[in-house]
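Each remark here refers to the structure printed beneath this line.
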Amino acid sequence: MIDAKSFKFSEVKNATLKSMIQNAYTVQKNAYAPYSKFSIGASILDSKGAIFTGCNVENSSYGGTVCAERVAIWKGVSEKMKLPLKAVVVVSSEKDQWPPCGLCRQVMAEFCTPQTVVFFGNNKKEFRQMTFAELLPEAFSNKFVLHPQI
Ligand code: THU
């Protein structure tokens, strides 16, 4: 199991991170992935300490597939998660750690800060860690499209 203490930086408590990781591997088993056969699980931590989870949900019309990260975010939004997100954990069923795809990064840009910590792990519970800013430098975010009310 992951030793959360070995991460270089995190304002997320070790116990919280362990729960997020455990939840991500648990929900990964619920992946609906009859086409790719890849199972992905995700956990997100909101500003109040609530954890929301998601797995990938595929579709016979492949473009209808939604990644685990976005499923977790949709669930969080619909359950009134408190922004911004503090941490995101993604786990894959493969020997490689799978970083969030480009579309998920863009969606994450809406709800993360540059400091949001992102962990991605493989099927051996080996993790990599990055900040959101490292994962998506020069993110296009709401700061470009939100205008002050006149
Ligand atoms: N997938 C995710 O769930 N998250 C990612 O960030 C990358 C890809 C899923 C989508 C699809 O079900 C499968 O992995 C293969 O692309």
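The values are calculated or read from the model by the stated rules, or taken from the named source; none is laboratory data. Keep in mind it's a predicted model, so treat the numbers as computed, not measured. As a convention, Cβ positions derive from the backbone with ideal geometry for all residues, glycine included, and neighbour counts pool all protein chains shown. Only protein heavy atoms, including side chains, enter the accessible area calculation; ligands, DNA and RNA are left aside. Shrake-Rupley method; radii C 1.70, N 1.55, O 1.52, S 1.80 Å.
Using a 1.4 angstrom probe, figure out how much accessible area the range 25-103 has per residue, in square angstrom, rounded to the nearest whole.
Working: 3950 Å² over 79 residues.
It amounts to 50 Å² per residue over the range 25-103.
Show me the ranking of peptides 63-70, 136-143, 17-24 by mean Cβ neighbours inside 10 Å, starting with the highest.
Result, highest mean Cβ count within 10 Å first: 17-24, 63-70, 136-143.
From the helices alone, meaning DSSP H stretches of at least four residues, give me the mean residue ellipticity at 222 nm for the chain, per-run term -39500 (n - 2.57), in deg cm²/dmol to the nearest 500.
-8000 deg cm²/dmol
Running a GNM on the chain with Cα contacts under 10 Å, which residue among Ala15, Ala133, Ala31 ends up with the highest mean-square fluctuation?
For the chain, modelled as a Gaussian network with Cα springs under 10 Å, the answer is Ala15.
What residue among Pro99, Pro34, Pro114 shows peak mean-square fluctuation when the chain is described by a Gaussian network model with Cα springs under 10 Å?
Pro34
If I compute solvent accessible area with a 1.4 Å probe over the protein chains, what percent of it on the chain is carbon and sulfur?
The computed percentage sits at 55.
Residue separation times 0.36 nm, minus the C-alpha to C-alpha distance between Val57 and Gln22: what's the value?
Gain in length upon complete extension: 10.6 nm.
Using Cα positions and a limit of under 21 Å, work out the lysines in reach of Lys18, with same-chain residues fewer than 8 apart set aside.
List returned: Lys5, Lys8, Lys29, Lys48, Lys75, Lys82, Lys86, Lys95, Lys124, Lys125.
Under 1.5 on a/c is rounded, so check that first for the range 40-150, then, if it is not, pick prolate when a/b is larger than b/c and oblate when it is not; a ≥ b ≥ c are the square roots of the alpha carbon gyration tensor eigenvalues.
It is prolate, given that a/c is not under 1.5 and a/b is the larger ratio.
Want the number for Lys75 to Arg128: 0.36 nm per residue separation, take away the alpha-carbon distance, what's left?
Working: separation 53, 0.36 × 53 = 19.08 nm, distance 2.46 nm.
Gain on stretching Lys75 to Arg128: 16.6 nm.
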